[in-house]
C-alpha cells in the first residue's frame, strides 16, 4: 500500500468514528516522534500492538479487500502480573470491502455492529467451521452465537448484523466480513489478541502490507511504532 492511501483511510476513519460517537484514546493522535519520546513508558502499548493498523493483505486493492482497525486495549499473550486478559478494537468495514476468510486458534471474540454509516447498512459475516486439520470445512453445521443466543446455521451462511447486534466467534470458526449496503463501524471485544501469530487464512495471504513511502505518515501504524521502539533499544545498547 502507498502511505498516502493509508493516511487518507485513517483520516476518514477518525471522522467516521466521531459520527457514531466513538472517542479514541489520546495515543491515537500521537506522532511517531511522540511515540519515540515516550520511550520505555510506552513499551506495553507497543509490545501488545496498540494503535492504528491498515492492511490490504498485500493484495494491492484496499477498496476490494482490506481492513482498517485501531487496537484500543490489549494484553500480553505471555500473561504475568498486571496483565489484561482481554482486548478491544474499533474497525471500519467499508461497503463490499472484504476482510477475507480466516480463523483464530486462540482468540474468542465478539464482533459488534457499533453503528451503520448509511441507513439500513449491516455488517455481513460469513461463517464456516474448520476440520481436524484446521482447514475450512464446507459440510459441518455451525452454532452461531448471536447476542448470546445459540442458533444452528448451515456452512457458508451469511449473518447480517444491525447496529447494536453482535456475534461471538470461537477458536476454529472461519469468518469473513464486509459492509453490506453501506459502511459500518465495527467493534471487537475479545481475549488477548495476537495479530502476528493468530490469524489463519483460508487462502494464502499476508496479514500486514508492504508500504510504499510516498509521503510522511499522518498517524504511525503499529508496525511503525514497533520498528521505532526496536531501533531505540538498539541505539541504547
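The values are calculated or read from the model by the stated rules, or taken from the named source; none is laboratory data. Computed from a predicted structure; not experimentally measured. Note that we place each Cβ from the backbone using ideal geometry, even for glycine, and neighbour counts take in every protein chain shown.
Here are the numbers for the structure shown:
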read-out: Residue check for residue 226: modelled with pLDDT under 95 and more than 14 Å from the chain's Cα centre (by Cα); value: yes
read-out: Unmet requirement for residue 210, which otherwise passes all of (1) over 16 Å from residue 110 (Cβ atoms); (2) assigned to a strand (DSSP E or B); value: (2)
read-out: Residue count, the stretch 19-65 (criterion: in contact with a strand residue (DSSP E or B) (Cβ under 7 Å, 6 or more places away or on another chain), without any contact (Cβ under 8 Å) to a residue 60 or more places away in the chain and within 15 Å of residue 208 (Cβ to Cβ)); value: 1
read-out: Of residues in the stretch 182-198 being assigned to a loop (DSSP other than H, G, I, E, B) and crowded, with 16+ Cβ neighbours inside 10 Å, the one farthest from the chain's Cα centre (by Cα); value: 182
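Here is a yes/no grid of residues against (1) touching a helix residue (DSSP H, G or I) at 6+ places or on another chain (Cβ under 8 Å); (2) in contact (Cβ under 8 Å) with a residue 40 or more places away in the chain:
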site	(1), (2)
128	no, yes
143	no, no
161	no, yes
165	no, yes
172	no, yes
181	no, yes
187	no, yes
212	yes, yes
225	yes, yes
